[in-house]
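*Asks:* Got a structure for you, written out below as structure tokens; questions coming shortly.
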């Protein structure tokens, strides 16, 4: 399959969904956002506890997460609701960040628009109008090169590095071979796999950026009093059979394939360039924060490889859960989309497992709902933070 | 016959992703090769590794076709391979760091 069906946006990007996003600027607008999304067909709200009294680097991060999510091509229109104003992360700042995409944007401010009820009224009118406008748009066939694919893993076990991560990596290689791009994040799990990264990186500048990123993440862990290298692999990992951080990280990197070059290093939430290839992005191991940073960078669909099974699901980026563990699939099959355990049971080849994941990605990008989307489970949005509230 | 999964041809360990292996079991391989058979010298729980070739003390342990550490002792085919007989190649640096930070 060399094409998928998506919504072509004014800036040339292509969405796998056509959502009206009700985006909360701050904790105190969350409830209002939820009310709007509950009333408006095809809308989804993003709520979070941040955007107030954060140290400057953290507020910048919050803005990057919110603006990037609004700019994601899966979002056709955005209504940003704020409670008052936090300098450098106002609804207008976020709207300005998103505006180059050319999509429909509106801002509502509870304080300036006459209080809670009037703001709700205004937001509902915007959202209703946007939903009707977006409903005119149809999916069109677009090349695979329009796909920015995200990969992540969580609740990994022995089967992850041997089956589901490998099948995910084959999918990534296949997308990149057709001109597409992939983002790999989770810097914590680059440690010990440095030789793999150095070999795959296209040039010395990227090699240095990767080395610096790993050193930075290690330094942060040490500053917190936690020596990652002393506690990795974890006790659970050792019980499960993992003997070293190299072994753990190597399994994690499998989901980025074996063929594609690393063509760029990205800071957290940064949008990659147009060049086809694999991009590595700085970020934490926390599943929700990691997939949210990948969504904020513009990824339309993500494969979440999970040995143990999972419920994680991003509000605007379909999150395909794949497991290579048959027991986990049986236990979690109402939210895990795909079972590739046949690889380890000798029922299918690794290549066939890779085809299964690829086909699932193309079908999902073209409109098939993930199991979690059917449940309207939008649990996977989280904003990374590095400091404390002040 | 019980089996372990081998990923790359250079690998000298296989991973048990099937059923618990008991000491004395005959263990075959599956994955990149199905031609190796060893006798388990130890019990090998689900998820754990078994040596499919001899690995001498100090030699590199390969899984995924890449180093996952070095042998601390001579490891025989059929031995359970884990933290008791291999160590991370980053281990020494970690130890130095730990010693320096432990108060």
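*Asks:* Sequence gap at least 6, Cα distance under 8 Å: using those rules, report the relative contact order of the range B:23-85 to the nearest whole percent.
*Replies:* 32 percent
*Asks:* Could you put B:25, A:359, A:93 in order, starting from the residue whose Cβ has the fewest other Cβ atoms within 10 Å?
*Replies:* Fewest-to-most ranking of B:25, A:359, A:93: A:359, B:25, A:93.
*Asks:* Mind sorting A:37, A:305 by how few other Cβ atoms lie within 10 Å of their own Cβ, fewest first?
*Replies:* In increasing order of surrounding Cβ atoms, one gets A:37, A:305.
*Asks:* Once label points are set 7 Å from the Cα along Cα→Cβ at both residue A:125 and residue A:177, what is their separation, rounded to one decimal in nm?
*Replies:* 5.4 nm
*Asks:* Running a GNM on chain A with Cα contacts under 10 Å, which residue among A:270, A:212, A:337 ends up with the highest mean-square fluctuation?
*Replies:* A:212
*Asks:* A further question follows. Within the range A:269-297, which residues have the backbone N less than 19 Å from the label spot 7 Å out from residue A:215 along Cα→beta-carbon, could you tell me?
*Replies:* Once the point is set 7 Å along Cα→Cβ of residue A:215, A:281-283 turn out to lie under 19 Å by backbone N, inside the range A:269-297.
*Asks:* Divide by every residue of chain A the summed helix terms, -39500 (n - 2.57) for each DSSP H run of at least 4, and state the resulting mean residue ellipticity at 222 nm, rounded to the nearest 500 deg cm²/dmol.
*Replies:* Mean residue ellipticity at 222 nm (helix-derived): -11500 deg cm²/dmol.
*Asks:* Moving on. So what is the calculated 222 nm ellipticity per residue for chain B, using -39500 (n - 2.57) for each DSSP H run with n of 4 or more, over all residues, to the nearest 500 deg cm²/dmol?
*Replies:* -3000 deg cm²/dmol
*Asks:* Here's a follow-up. Would you please give the FRET efficiency between residue A:3 and residue B:72, computed as 1/(1 + (r/R0)^6) with r the Cβ-Cβ distance and R0 = 45 Å, to the nearest 0.05?
*Replies:* According to the calculation, E is roughly 0.25.
*Asks:* Of all beta bridges DSSP finds with both residues in the range A:1-151, what is the antiparallel percent, to the nearest 5?
*Replies:* Of all bridge pairs located within the range A:1-151, approximately 25 percent are antiparallel.
*Asks:* If you don't mind, another one. Count the DSSP beta bridges whose two residues both fall in chain B, then state the antiparallel fraction as a percent rounded to the nearest 5.
*Replies:* 75 percent
*Asks:* What ranking, highest mean first, results for peptides A:151-162, B:61-72, A:99-110 when packing means the other Cβ atoms within 10 Å averaged over each residue?
*Replies:* So the order, starting with the most tightly packed, is A:151-162, B:61-72, A:99-110.
*Asks:* Right, another one. If you line up the long axis of helix B:91-101 against the longest principal axis of chain B, both from Cα atoms, how many degrees apart are they, to the nearest 10?
*Replies:* Helix B:91-101 sits roughly 30 degrees off the main axis of chain B.
*Asks:* For helix A:30-39, what angle does its Cα long axis make with the longest principal axis of chain A, in degrees from 0 to 90 and rounded to 10?
*Replies:* Tilt of helix A:30-39: around 90 degrees.
*Asks:* Which order do A:53, A:319 fall in if you start with the one that has the fewest other Cβ atoms within 10 Å?
*Replies:* Going from sparsest to densest Cβ surroundings: A:53, A:319.
*Asks:* Quick check: from the Cα gyration tensor, does the range A:19-134 come out rounded (a/c under 1.5), prolate or oblate?
*Replies:* Verdict is oblate for the range A:19-134.
*Asks:* Once both axes come from the Cα atoms, what is the angle between helix A:116-134 and the longest principal axis of chain A, in degrees from 0 to 90, rounded to 10?
*Replies:* The angle comes out at about 60 degrees.
*Asks:* Right, something else. Taking Cα pairs under 8 Å and at least six residues apart, what relative contact order does chain A come out at, in percent?
*Replies:* Across chain A, relative contact order equals 22 percent.
*Asks:* Here's something else I'd like to know. According to a simple spin-label model (label point 7 Å from Cα along Cα-to-Cβ), what is the distance in nm between residue B:26 and residue A:345?
*Replies:* Taking the simple label geometry, residue A:345 and residue B:26 are separated by 2.5 nm.
*Asks:* Could you tell me whether the range B:1-78 comes out rounded, prolate or oblate from its Cα gyration tensor? Rule is a ≥ b ≥ c as square roots of the eigenvalues, rounded for a/c under 1.5, then prolate if a/b exceeds b/c, otherwise oblate.
*Replies:* oblate
*Asks:* State the dimensionless ratio Rg/Rh of the range A:142-374 (Rg: radius of gyration of Cα atoms; Rh: Kirkwood radius).
*Replies:* Ratio value, two decimals: 0.94.
*Asks:* What is the distance in Å between the Cα centres of the range A:53-74 and the range A:289-320?
*Replies:* About 17 Å separates the Cα centre of the range A:53-74 from the one of the range A:289-320.
*Asks:* If I model a spin label at residue A:92 and residue A:55 as a point 7 Å from the Cα along the Cα→Cβ vector, what separation in nanometres do I get?
*Replies:* Roughly 2.9 nm, to one decimal.
*Asks:* While we're on this one: Need one number: % antiparallel among DSSP beta bridges in the protein assembly as shown, to the nearest 5.
*Replies:* In the protein assembly as shown, DSSP labels about 35 percent of beta bridges as antiparallel.
*Asks:* Additional query: Taking 8 Å as the Cα distance limit and 6 or more residues as the minimum spacing, I'd like the relative contact order of the range A:33-125 as a percentage.
*Replies:* Relative contact order for the range A:33-125 comes out at 26 percent.
Since every read-out is calculated from the coordinates, none of them should be taken as a lab result. Everything numeric here is computed off the predicted structure, so don't read it as measured data. For neighbour counting, all protein chains shown are included, and Cβ atoms are generated from backbone atoms with ideal geometry for every residue, glycine included.
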